[in-house]
Amino acid sequence: MALTYGRNRGSTSAMVEGAIFAAIAIVFNLLFYYVPFVGVFLNLVMPLPLVVCGIRNGMRYSILSAVVATAIVAMVINPVHALFFLAVFGIMGVALGECVHRRLPAKKLFAISTAAGLVSIGLNLVLALYVLGINPVDMMFSQLDAAVPQMTQSLSGAMGAQQAAELEAQMTETMRLMKIVLPGAMILVAPCLVLLNYWLARKIMARAGIQLEGFPPAERWGFPRMVALLYVLGLVGLQYLNGAGIHNWMYTLAANVWTICSMLLVVQGLVGVYWWMKRKGKNLFWFRILVFVALFLPVVTLAMTYVGGYDILFDPRGVRKQAPDRKPQAPDGDGPAERPRK
């Protein structure tokens, strides 16, 4: 029999679980603060204890768990770190856990949780500026800018002075473009964190005998046609403004719109290829290779962008014509997702 979560859970057991999840969040913070290498990976799953607590017991207990963890982290580490944990990871964790607890539809759950993630990222920058008095973006890029000459200088002996100078110019231009498209990249971080933490939460809850509803299967994913239109507008705007030598806020806006839409089209293209390979009975091992190659080869990434544009505009998979199933399929192919039994 599946375990239950929700309104019929006793307050005592909910408080005990809240304390346990608060303790897990504290351990995560300690590892993040004192073990830098592990902290890089923990930074991706820091909201997870609050997510699971919220799924099982609701927003009230996930907030209590976040407050307790924040207070203890403030005493053990420092108040500033605790404030960042509460603002950056607490909001996303509480929001995602409550959305799942209320059993919201997948699209609504994803939209609300992503919005909470964007608020968290914005608070991260605000706290860094007004509490610590630093600009994390400028600090990150200043370190990268300082590393470029050192890197090219160390390679000049093996490459030659002229080739090293060309490499330095290319890397400097890359840094300049990264600074321009950073807002778009930060916007894309929020949905990725939501998907990762929700996927992990489903796995954890399944261990407890609770099967959560998943997102629709990959072959039914699809973005609106507006994504392809915005991609074209962003690309045209970039070409025109760059040709005219205009690099103001309009150029930055066009670059970020193009960046976001490019990533969405790449995802759409990979989904289209996955659907085609699955329909034709191809070995999906090669699809995994394609995903890996698309991460590192710009030519393959650009090809997936065009495949995604074709898929969005002409809908060869018939996504817009399909009626939604009554029982959503789990995203990892585990079969129909069921609601927890009461």
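The values are calculated or read from the model by the stated rules, or taken from the named source; none is laboratory data. Predicted model, so just to flag it, every value in this text is computed and none were measured. Note that we place each Cβ from the backbone using ideal geometry, even for glycine, and neighbour counts take in every protein chain shown. Only protein heavy atoms, including side chains, enter the accessible area calculation; ligands, DNA and RNA are left aside. Shrake-Rupley method; radii C 1.70, N 1.55, O 1.52, S 1.80 Å.
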If Ala106 satisfies every condition in (1) of a type in the set (A, V, I, L, M, F, W, C); (2) open to solvent by 40 Å² or more (accessible area, probe 1.4 Å); (3) closer than 21 Å to Gln211 by Cβ but one, which is the exception? (2)
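Just for helices (runs of 4 or more DSSP H) wholly inside segment 1-116: which have at least 1 residues that are β-branched (Val, Ile, Thr), within 25 Å of Arg207 (Cβ to Cβ) and free of Cβ contacts under 8 Å to residues at least 24 places away in the same chain? Spell out how you get there, then give the answer.
Numbers: elements: 11-34, 36-45, 48-57, 59-76, 79-84, 91-101.
Once the helices (runs of 4 or more DSSP H) in segment 1-116 are filtered for at least 1 residues that are β-branched (Val, Ile, Thr), within 25 Å of Arg207 (Cβ to Cβ) and free of Cβ contacts under 8 Å to residues at least 24 places away in the same chain, what remains is 11-34, 36-45.
Look through segment 209-227, keep the residues that are open to solvent by 40 Å² or more (accessible area, probe 1.4 Å) and in a helix (DSSP H, G or I), and return whichever of them is farthest from Arg103 (Cα to Cα).
Residues of segment 209-227 that are open to solvent by 40 Å² or more (accessible area, probe 1.4 Å), as a first pass: 211, 213, 216, 219-226.
Applying the additional criterion that residues be in a helix (DSSP H, G or I) yields 219-220, 226.
Working: Glu219: 23, Arg220: 21, Met226: 29 Å.
If we take residues in segment 209-227 being open to solvent by 40 Å² or more (accessible area, probe 1.4 Å) and in a helix (DSSP H, G or I), then Met226 is farthest from Arg103 (Cα to Cα).
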For the condition touching a helix residue (DSSP H, G or I) at 6+ places or on another chain (Cβ under 6 Å) and either under 28 Å from Lys203 (Cα atoms) or modelled with pLDDT of 65 or more (or both), what is the one hit in Asp315, Asp325, Asp311, Asp334? Asp311
Right, Gly245: under 23 Å from Pro183 (Cα atoms), of a type outside the set (D, E, K, R), in a loop (DSSP other than H, G, I, E, B) and over 21 Å from the mean Cα position of the chain (by Cα) or not? yes
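Each row is one residue, and each column tells you yes or no for (1) modelled with pLDDT under 90; (2) among the aliphatic types (A, V, I, L, M).
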| position | (1), (2) |
| --- | --- |
| Ile26 | no, yes |
| Val35 | yes, yes |
| Pro49 | no, no |
| Val52 | no, yes |
